[in-house]
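S.K.: I have a structure I would like to understand better, so I am pasting it below and will then ask my questions one at a time.
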Amino acid sequence: MNDGSGVTTPRIARVLIDSPLPQLDRLFDYSIPAAMAEEALPGVRVRVPLRSIGRVADGFIVGVVGQGDYVGTLSELEAVVSAARVLAPEVWTLSRRLADRAAGSASDIVRLAVPKRQVRVEKAWLLEAAAETSGPVTPILLTGFDTDRIDLALATGGRLAVDAVPRVVEVRSSADAPSEWVGHWAATMAATATRALAAGGSAILAVPDYRDQEQLVAALRAVLPADRIVHLDARQSNPDRYRALLACLGDTPLAIVGNRSVLYAPAVTLGLIAVWDEGDPLHNEPLSPYVHARDIALVRQELQGCALLFLSHARSTEVERLVEVGWLDELAATRPFAPKVLPTAQQQSQDRLAAQARIPSSAWREARSALEHGPVLVQVARPGYAPRLACASCGNTARCQRCEGPLRLKTARSTPSCAWCGKLATDWSCSNCAGTGLRLVGQGTGRTAEDLGRAFPGVRIIIADGDRPILTVDAEPALVIATRGAEPIAAGGYRAVLLLDGERMIARESLRVGEDCLRWWSNAIALAAPGATTVLVGVGGALASALATWRRSDYLRAELSDRRTLRFPPAVRVATVTGTPETVQAAVDIVRAIDRVDVLGPVETADGAVRAIVRFDYGEGAAVASGLRAEVIRAATSRRKQAGGANGRVPLPTLRVRFDDALSFDSAE
């Protein structure tokens, strides 16, 4: 770099090392050789020497400066791997902010944000000329919502919690293309995306799984040219995902669709972030530092000033808290779309076969009447034939002789197998009484279909679950037996919806069981045709009232009030600290000194480690994260010294910290 006086100033690259070791979670300065000066730019992949352990590591250049902080002779970059600037500045800033908030490493987040390099894909992208894009995007009016409210949010960086309309709608990508049925929420997101693109900004649209992606992509194709839609999803093949990432690096506003990882997509001019059904557990990131999609969206909106929409039929308590504190504004439909929901007790049906299928008289009548006009949805709790087996002699749960997992029966004629390891129980005997007989406990999709087939002879039966994924069904009469979350879209909507196993679903011991059931049932109800009846079987109280009146927020506000009294999340934030007794104790001792922090535990875990739960107010989050992160680094470096760095290998950390763990208070943990 020339300063104008003819003197060449040394250029220094600030590099993020790609490493899981917490002690390497900082920027390292390296001198840029003259031969690499034109390629060593922020965002490119590089290889650098690590003199302390005598090896070469991969990394990304985050910035280039004329003078660094290090005093002494700097090592030079080993190589510039590629000229593609795949780590966008806004993604790096987001990664650093999220890592600091979650006491994690920025490189772990960058690893989620930037797919592995695909050489052929990258070379083709570097060589190809900029393709001509379609003309200006036509903004679409929103059906059922105040379009002016949406436009104001897009113009001012507003944040909205949107109550989705519980309907299905028909979309068509072109006049000669077949029509498709999608949830009204997908059409709402697509229309909002057109308004963001028309204003010159990209739209990032995050949904939980592939079923939702299919609906959203279909809705987008109906209102946007194909070259303005990018699908970026962790389920894609590595070349396809890398190709999608590179497509996002241009200047053309795009609608970028995917699961939770799409929220890391590069977009310098970002106009909109929209997240569908943020309460779905698939939005939880299972990899360190375990940042939830909701938190990614909130932090990125704050950094880039774009509009933020959380759409759902039943929001989470986290979003309800943000509404109550004024961080999110509510947006409801311009006219009421309350579905017809009838809670009913688990009464005995007068029809013997209907009673065997767990259907009370009122539900049986609704289903029989609705089947004259179209399909009927029956939601059940479990897949398979019998979700659980028990010893016929003593009644104890039948467990696998290898791993102690529960046995189950997938079909009526299959051999019992373990739900955990899959081992067939061909020679099973009870560990309690040595009995060898088994009896069925519970009814899954298979057994429910068998029983309903007898109760409704001659009616077509369709099973949709994890083993038999079905995305759509036609408008012909049929009984569709589906597990929660696997319900297909019916053309025109279901003529009736039966929600079975409600008492079994709410019996699960979990802090979130109420809001989970509200979300599962609300999403199923939204698949009904206008005027169709939904029968909620075996559930009463506040949950049934919230669905019958379609006032889900009433239940969530009461739930949030109870959690404030008990200091349960999301009224407070939590962090779980897991490791050896010594490292966990040292960590909790640090955070105990912070105001408004209390610690539960430590207690032993199944693998011999110990775990403590740290509860703290939102205002203390930065201090708690900083203290725990410092202890993670201290534990990692002390372990390295004890091991002596044998064979150049550095032991992995023994202390693990996870913020905002959704399962912290569940009994299963």
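S.K.: Would you please put 620-629, 250-259 in order of how densely packed they are, using the mean number of other Cβ atoms within 10 angstrom per residue and starting with the highest?
M.R.: Ranking, from highest mean packing down: 250-259, 620-629.
S.K.: Calculated FRET efficiency, Gln585 and Leu152, Cβ-Cβ r, R0 60 Å, to nearest 0.05?
M.R.: According to the calculation, E is roughly 0.70.
S.K.: Give me the angle, in degrees from 0 to 90, between the Cα long axis of helix 621-643 and the longest principal axis of the Cα atoms of the chain, rounded to the nearest 10.
M.R.: The helix 621-643 is inclined about 70 degrees to the chain.
S.K.: Right, next: Rounded to the nearest 5, what % of the DSSP beta bridges within region 147-331 are antiparallel ones?
M.R.: Antiparallel bridges make up about 15 percent of those DSSP assigns within region 147-331.
S.K.: Stretched out fully, how many nm does the piece from Thr93 to Thr73 gain, at 0.36 nm a residue minus the Cα gap?
M.R.: Gain on extension, Thr93 to Thr73, equals 4.4 nm.
S.K.: Still on this model: Candidates [x] 1.00; [y] 1.13; [z] 0.94; which is the computed Rg/Rh (Cα atoms, Kirkwood Rh)?
M.R.: Derived directly from the coordinates: [x].
S.K.: Rounded to the nearest 500, what is the 222 nm mean residue ellipticity of the chain from helices alone, with -39500 (n - 2.57) per DSSP H run of 4+ residues and division by all residues?
M.R.: -9000 deg cm²/dmol
S.K.: Which order do the peptides 584-595, 416-427 take when ranked by the mean count of other beta-carbon atoms within 10 Å per residue, highest first?
M.R.: With the highest mean Cβ count within 10 Å placed first, the list reads 584-595, 416-427.
S.K.: Let me ask something else. Under the rule of at least 5 residues apart or a separate chain, name every residue whose amide H is placed under 5 Å from the amide H of Ala662.
M.R.: Those lying under 5 Å, H to H, from Ala662: there are none.
S.K.: How much length would be gained if the chain were fully extended between Cys421 and Thr269, taking 0.36 nm per residue of separation minus their Cα-Cα distance, in nm to one decimal?
M.R.: 50.0 nm
S.K.: Rounded to the nearest 0.05, what FRET efficiency do Arg85 and Ser626 give with R0 = 35 Å and r taken as the Cβ-Cβ distance? Could you check?
M.R.: FRET efficiency, Arg85 to Ser626: 0.70.
S.K.: Moving on to the next point. Using 0.36 nm times the number of residues separating Ile506 and Ala593, minus their current alpha carbon distance, what extension gain do you get?
M.R.: Taking Ile506 through Ala593 to full extension adds about 27.5 nm, to one decimal.
S.K.: Any idea what the dipole of region 52-128 comes to, in debye rounded to 20, about its Cα centre with Lys/Arg Cβ at +1 and Asp/Glu Cβ at -1?
M.R.: Result for region 52-128 is approximately 280 debye, rounded to the nearest 20.
S.K.: Nearest 5 is fine: what % of DSSP beta bridges in the chain come out antiparallel, could you say?
M.R.: Approximately 50 percent, going by the DSSP bridge assignments.
S.K.: Shifting gears a bit: Over the chain, what is the relative contact order in percent, taking alpha-carbon pairs closer than 8 angstrom and at least six residues apart?
M.R.: For the chain, the relative contact order is 12 percent.
S.K.: Something else about it: So how far, in whole Å, is the C-alpha centre of region 487-539 from the one of region 230-281?
M.R.: 30 Å
S.K.: If you line up the long axis of helix 293-304 against the longest principal axis of the chain, both from Cα atoms, how many degrees apart are they, to the nearest 10?
M.R.: For helix 293-304, the angle is close to 40 degrees.
S.K.: Take peptides 17-23, 303-309 and line them up by average Cβ neighbours within 10 Å, highest first, as a rough protection proxy.
M.R.: 303-309, 17-23
We did not get these values from a lab; they are worked out from the coordinates using the rules stated. In this text, all values refer to a predicted model and were calculated from it rather than measured experimentally. With ideal geometry, Cβ positions are generated from the backbone for all residues, glycine too; neighbour counts draw on all protein chains shown.
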